[in-house]
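Where a number appears in this text, it was derived from the coordinates with a stated rule and is not lab data. Everything numeric here is computed off the predicted structure, so don't read it as measured data. Cβ: placed from backbone, ideal geometry, glycine included. Neighbour counts: every protein chain shown.
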Amino acid sequence: MKLIDPILAFQPELQQIRRDIHAHPELCFEEHRTSALVAGKLQEWGIPVILGLGGTGVVGVIQSGGSKKAIGLRADMDALPMQEINSFAHASRHDGKMHACGHDGHTAMLLGAAHYLSQHKNFDGSVYLIFQPAEEGGGGAKRMMDDGLFDQCPMEAVFGMHNWPGTAVGSFGVTAGPMMASSNEFEVTVKGKGAHAAQPHKGIDPIMVAVQIAQSWQTIISRNASPLESAVLSITQIHSGSATNVIPDEATLIGTVRAFSTAMIDLLERRMKTIAEHTAAAFDAEVQFEFKRNYPPLINHVKETAFAVEVMRSLVGADRVDAQVEPTMGAEDFAFMLQEKPGCYVFIGNGEGLHRDGGHGLGPCNLHNPSYDFNDDLLPIGASYWVRLAEAYLPK
């Protein structure tokens with residue numbers, strides 16, 4: 001690997017910053033302490049900041065030379081509403097809040113790049129360092145855009161990065177085109193007619209209707225969707241009833257739908273609604289159908305992906321870069337930015353979990369797991385990638 005020596009020397013401070021953020025997790029749009037820390041570090045290093053985009057968002061602006069060309073580098077800052085079971089020194093100090101997705105590390109890596117870029121400025125143009133709130137379900141990327149991110153920070157392209165457990169440290173993964181799925185959720189309530197369970201003929205059983213709907217929905221994937229396209233329809237909750245001898249009035253189905261194209265989501269929503277309404281009608285029941293679209297599919301742009309691949313290869317070697325990594329049904333709100341600007345989102349290997357300090361939980365080091373911890377060995381790798389990406393995009 002050809003990491004940047006000053007960034008390697010700066011790693012101890014980056015680790016301290018990362019672990020401080022990990023110990024003080026903040027949920028979406030509540031990242032006041034984290035934002036203040038980020039803004040304080042940027043200003044300490046002489047980097048002008050823009051505050052308030054997306055509420056708690058921070059953007060650092062580093063300029064060099066006279067070029068009007070600009071690039072955006074994005075890291076997310078928020079934590080998850082879950083209990084950490086690790087007991088090492090930097091474990092969460094706030095019950096029910098945890099950096100279980102590595103956003104503490106993402107923030108620290110971008111700060112590492114900011115520190116180096118502010119001192120060396122081996123580029124011609126502007127680098128916008130985007131520290132985004134509320135990736136975990138809050139749509140913070142969209143909020144920053146709605147607040148004028150791309151108007152105040154006119155950039156030609158934007159890039160993102162996420163750690164990926166189970167992949168070797170020092171490796172990268174990316175693919176052009178769809179890389180992460182669209183995230184959507186539904187809540188469907190079947191309205192029947194309550195009755196004594198010993199006299200079912202006097203009621204309309206919403207549970208039986210819900211079961212019929214649940215089974216029929218699975219035919220959408222197997223019979224309506226193209227077998228060449230991937231999609232997921234998962235019912236994750238069914239709620240109904242409160243007594244063993246009472247047929248309830250209502251039954252509710254809740255779950256998620258994932259796909260790599262808007263056209264597939266359109267198909268799934270339309271067929272789900274039609275099946276639910278007609279199945280309910282066949283049993284003389286009614287249905288209330290709600291379908292919420294959260295994040296669009298994350299689609300990497302071909303040109304920018306090829307550019308990022310070359311930067312990664314020059315940094316860690318071609319054998320450590322998978323340029324056709326398998327897409328995931330997970331979702332990411334960086335997808336909103338890629339709808340507006342060309343760019344690329346990459347995975348950086350987080351290892352198998354052997355890096356964790358003593359006192360970690362017994363569970364695996366997977367994302368959204370209470371035993372997770374970010375691998376600090378990634379800090380100089382990710383920071384070096386950001387720097388080389390900016391320097392290559394804005395050459396002197």
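Figures for the structure shown
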| read-out | value |
| --- | --- |
| Convex hull volume per residue for region 182-295, taking Cα atoms only, in Å³ | 86 Å³ |
| Distant-in-sequence amide H partners of W164 (H built 1.01 Å from N, under 5 Å) | I348, G349, N350 |
| Net dipole in debye of region 182-295 [+1 Lys, Arg Cβ; -1 Asp, Glu Cβ; about Cα centre; nearest 20] | 160 debye |
| In range of the label at E290: residues from region 249-282 whose backbone nitrogen is under 15 Å from the point 7 Å along Cα→Cβ | 251-256 |
| Potential lengthening between E13 and I254 on full extension [0.36 nm per residue; Cα-Cα distance subtracted] | 82.3 nm |
| Normalised convex hull volume, region 1-145, alpha-carbon set, Å³ per residue | 116 Å³ |
| 222 nm mean residue ellipticity, helices alone, for the chain (DSSP H n ≥ 4; -39,500 (n - 2.57); rounded to 500) | -11000 deg cm²/dmol |
| At 0.692 mPa s and 37 °C, Stokes diffusion of region 240-327 via Kirkwood alpha-carbon radius, µm² per second | 186 µm²/s |
| Overall Cα dimensions of region 303-396 - principal axes, largest extent first, Å | 47, 27, 22 |
| Whole-number D in µm²/s for region 341-396 (Stokes-Einstein; Kirkwood sum over Cα pairs; 4 °C, 1.567 mPa s) | 96 µm²/s |
| Value of relative contact order over region 182-295, rounded to a whole percent, pairs C-alpha under 8 Å and six or more apart | 44 percent |
| Alpha-carbon radius of gyration plus Dmax, which is the widest Cα pair, for region 95-151 in Å | 14.2, 45 |
| Alpha-carbon radius of gyration plus Dmax, which is the widest Cα pair, for region 91-186 in Å | 16.0, 50 |
| Rounded, prolate or oblate (a/c below 1.5 giving rounded, otherwise prolate when a/b exceeds b/c) for region 278-350 by Cα gyration tensor | prolate |
| Greater than 23 Å apart at Cα, pairs in K69/K121; K202/K273; K41/K68; K2/K41 | K202/K273; K41/K68; K2/K41 |
| Surface/4 of the Cα convex hull for region 312-359, nm² | 5.7 nm² |
| Centroid-to-centroid separation of region 36-87 and region 258-328 [C-alpha atoms, Å] | 28 Å |
| Relative contact order for region 327-385, counting Cα pairs under 8 Å that sit 6 or more residues apart, in percent | 25 percent |
| Peptides 97-105, 275-283, 30-38 ordered by average Cβ neighbours within 10 Å, highest first | 97-105, 30-38, 275-283 |
| Tail weight of P(r) past 27 Å, computed on alpha-carbon pairs of the chain, percent | 54 percent |
| Relative contact order of the chain, pairs being alpha-carbon contacts under 8 Å that are 6 or more residues apart, as % | 25 percent |
| Listed residues I71, I221, I130, most fluctuating in the chain (Gaussian network, C-alpha, under 10 Å) | I221 |
